[in-house]
1. Using modelled amide H (1.01 Å from N, peptide plane; none on Pro or chain starts), what sits under 5 Å from the amide H of B:F135, excluding residues fewer than 5 places away?
2. Listed highest first by mean packing, meaning other Cβ atoms within 10 Å per residue, what order do C:124-135, B:103-114, B:395-406, C:164-175 come in?
3. What ranking of C:L142, A:L117 emerges when the number of other C-beta atoms within 10 Å of each C-beta is taken as an exposure proxy, fewest first?
4. Calculated from DSSP H runs of 4 or more alone, at -39500 (n - 2.57) each and per residue, what is the 222 nm mean residue ellipticity of chain B, nearest 500?
5. Checking understanding here: applying a Kyte-Doolittle mean of at least 1.6 and a length along the axis of at least 18 Å (C-alpha), which whole DSSP H helices in chain A pass?
6. Could you work out how far helix B:49-62 tilts from the main Cα principal axis of chain B, as a 0 to 90 degree angle to the nearest 10?
7. Only Cα pairs under 8 Å and at least 6 apart count here; give the relative contact order of chain B as a rounded whole percent.
8. Non-local amide H neighbours of B:F111 (under 5 Å, H modeled in plane, Pro and chain starts lacking H): which ones?
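Any read-out appearing in this document is the output of simple, stated calculations on the displayed coordinates, not a laboratory observation. Remember, predicted model here, so these are calculated numbers, not experimental data. With ideal geometry, Cβ positions are generated from the backbone for all residues, glycine too; neighbour counts draw on all protein chains shown.
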Amino acid sequence: MHETSSNAAAGTLLGTSRRRRRFWGRALQGAVPYGLILPVLVVIGVILGYPLYWLVKLSTQRYGLFELIRHQGVGVGLDNYSSVLHDGVFWRTLLRTVVFTAVNVTLTMVIGMLLALLLVRVSMFVRILLSSGLVLVWSMPVVVAVQVWYWMTNFENGVVNYVLSHLGIGDFYQHDWYATTFSQLSIVTLLIVWGALPFVVITLYAALAQVPPDLVEAAEVDGARGWRIFVDITLPILRPILLILTSLSIIWDFGVFTQPYLLIGQSKITSGNYLMSIYLFEEGYFKSDFGRGAAISILMLLMVAVLSVAYVRKMVRIGEAP
Amino acid sequence: MKRRSIVALSLVVVLVAAVMAATSSGATQKATASSITVWLQVDAQSGWPDLVAAANKQFQSDHPGVTVNVQYQTWGTHLQKFDTTLAGGGGPDVIEMGNTEMTKYMAAGAFAALNKSSFDNSSNWLKGLAASGAFGGKTYGVPYYAGSRVVTYRSDLYKAAGIKKLPATTAEYAADAKKLLAKNPKKGFSPVYIAGTDWYVAMGFVFDYGGGIAQQISGKWKGLLNSPKSIAGLTAYKNFYLATSRASKTTDETHPNPYDVYAQGQAASIVGPSWFTCCVGKQYTASTAQFVMPGHVKGQAMPGFLGGSDLAVPITSPNQALASDWIKDFTSTSGEKGLQAKGNIPNATNLLGSSVNERAAARSWFVPTAKHWVDVENGNILRNMLAQILTGKLSIQQAATSAGDNIASVLNQS
Amino acid sequence: MSKRRRGRRARQAGWNAVGLAISVVMVFPVFWMISTAFKPNEQIVSLNPTWLPLHPTLQHFRDAIDKPFFWTDVKNSLIVVCATVAISIVLAFLAAVALARYGFAGRKLFVVLVIGIQMLPQAGLIIPLYVVLARYHQTNALTGLTITYMTFVLPFCVWTLRGFLLGIPKELEEAAMVDGSTRLGVFIKILLPLMGPGLVATSVFAFITTWNEYIFAVVLLHDQSKQTVTVWLSYFLGSSRHTDWGALMAASTLTAVPVIVFFLMVQRRIAFGLTSGAVRG
């Protein structure tokens, strides 16, 4: 209301200090969001600016150990890209990684949601117990977790074989869990989902804490029951978080490296059980073919972008509020 | 006012961080003539730190005012770290490299040429080790130490099975294994525990029969695995393995470690480096001994893989002369004798003693000195071949031929 | 007790049983690690698994602590991680507020940038990042490592905090603004407290990720006196000789302690301690 009268008076001199203050006030108001994102942009720009440029440039060069030492690459245009895209191994690896990612993400999100809901329903003691357990899992360094899982599943004296045999599920004496690609990747999936659940469960539980209890009570008074409440009230409120977690899980699971590489073991890694990140590491960096590695990195970036675009779009639209 | 102060505050934080970053001097300064940096593997830190200290002391008395900064590395990441320092500086003046890692880096020009005669006993360097440090007629790597492969065995189990003398041929060894199996019918017990894809042991058989992995003929590499002699060796390995080892056919020699199987009481003997005796379990230490693995011809040992390390000076080092001096001090006769006392094989023939480890080194084999050999190893070509042979997926002829072709194409890359 | 209440009690008991079973299964590998840290060596390699070491030994813990640079590296890790988490949460919160509550030109671009960075395979960035940091003399320096970690942690924090912010209804802010506070005042007085759970979850994640990060730490830090505790841990596995499993497990148990302490300090904000009924799902 204030504003209109001063707008009307705007035709007169802009000289009065009050009007000047308001002008700068508005300009500063508009500058606020930029100021808020500036620190993040600066940090990212300073550190990643050059590496990103280097990565793109490198992908168009032949750059091996020889060139690395002399700090000078040889431009080869799109040769690196075409060599990768013509490699059958690349496409088979891509397919395998896509399936692997889909399985991992689905398991993580579904089990994660169920466990978060479970956390709500149990008594305080069990809740603290379960959440502490989750944090213990979360706090294990990945390298150590892989070692422990390897021990549990190892051929000679693994606990898993011992327990399965003793429970009478079958004879698992010296069962080699790493004999076939399917078996290898299944154990890796279990390991990854196990390690990913704590974050998902705790985040979802925190999000559930934002569900206004009065809304739920009102619905219960109206006669709605469990499943309906979940679908109609809880899920919509959780939607932003669910979309974030899913898109993050896709990004992480697509590029996961340490767990499969260490659990399967370098000596068993072959082109028949590559995942994309291992393919990148072996074909690019192990062989010191940095140009090719850069090309594969960029292709991986594009693949992940394509895979997660649906979720990311929804995420961006949700925020497109006022 | 509040929002402006918050924007200002965050800008200040960023500015301060940037200024700190730009002026911080926690730097990897260019190694000045007041200090040299040495990268040794963590094996030295836990195995013979006293020898490192002795070398430092000697070096410092020869070069007063220059300190030695030893930074221990792990095998898994030291090459990646080395690559980043080749690109961005801050690298070492001396670096320890595995002998199979050398050729790739020598071919790329990563090291400075060294004056061979300035190092102790260089005219008597073990042939296998010296070859790994030489390229194009120049010396780039100084042999540091080596290890061969021996048999570690349970003398009590041998006694109980009535085996009076140690085997002189692989055939006798296999016969002993039968007796051990009869006396120890436990599930999963191996008279000789050898991991299926342990190519270090398997290739010993190949070389024992006169075969080989690959050969360079007028500049081009040709696979040798499918030659009649190599096939004979692989057949001998397959038969020996199936008769004596209950290990997984597809797994390598670190999953599990043979000495762990031994410590569980599930193996009467294991084939591997001589330092295996460290970890055979308290209960078996007293009854553990070693012998040289016999070949198929009486009186000849099976060729053992001569694993080892070299010391090199990166071309990016600003202190190459000092670095070379440090290497001389570390691999001096007294230094090598110290390494020998810790169970390693010293780098020169005139220093060799008569321990089992050193006797086994009398007949040894090494990998082809090719720029791309590391890629063959990393690609697990030999391991896959062994797994295919042992599981019967492919015939020995087929597996060897495809592996041989594979190896040749990898080695022949530009 | 009314029938309804009895039914509820029974149902909760049922859920409790499920919760306990799941806790046991999930925590088993951690339990295995801790129990192995106390087992004498024969039990570690033995064919028959020993569930609970009846003759526990502290030797492995002693071996772990005696390994050179343990306390120094723990101190380094704490410095790097606390600095990274503290600064990142502040900066990310600001950026998340901008994304969630303001419309401005270039918004979409910023979002794409934030997501895009998380999609980058880190393996490809190691060498150029080292070269950049070397130029500013930030290799072999804790500040260099901190800034590197911030770069990778910030996008994730911005993205996640934005999600939490979007879950808070605008009516609350609008009510406060009618009462006369400025927009940013609203953010501090109203949003920040409500963001408690979200901030905690995000900071725990940032803490754990940076605490356990390995590859950049090993490549950027050369002096053993400057390394972090994950690099220190890798020395147990890095030798070509015998690995001391007992000491490794003891060392891993020790390195997990600060994470758990941090979580215990902040977990109250995620209302784990509230009796059920206050949170509905």
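1. Amide H neighbours of B:F135: B:Y140.
2. Ranked from most to least packed, the peptides come out as C:124-135, B:103-114, B:395-406, C:164-175.
3. Neighbour counts put them in this order, fewest first: A:L117, C:L142.
4. Values: 17 runs with 176 residues, N = 414.
Roughly -12500 deg cm²/dmol at 222 nm, from the helical runs in chain B.
5. The answer, listed by residue number, is A:88-121, A:124-139, A:181-208, A:235-254.
6. Roughly 50 degrees, rounded to the nearest 10.
7. Reported as a whole number, the value is 26 percent.
8. For B:F111, whose amide H was placed from the backbone, the distant partners under 5 Å are B:I315.
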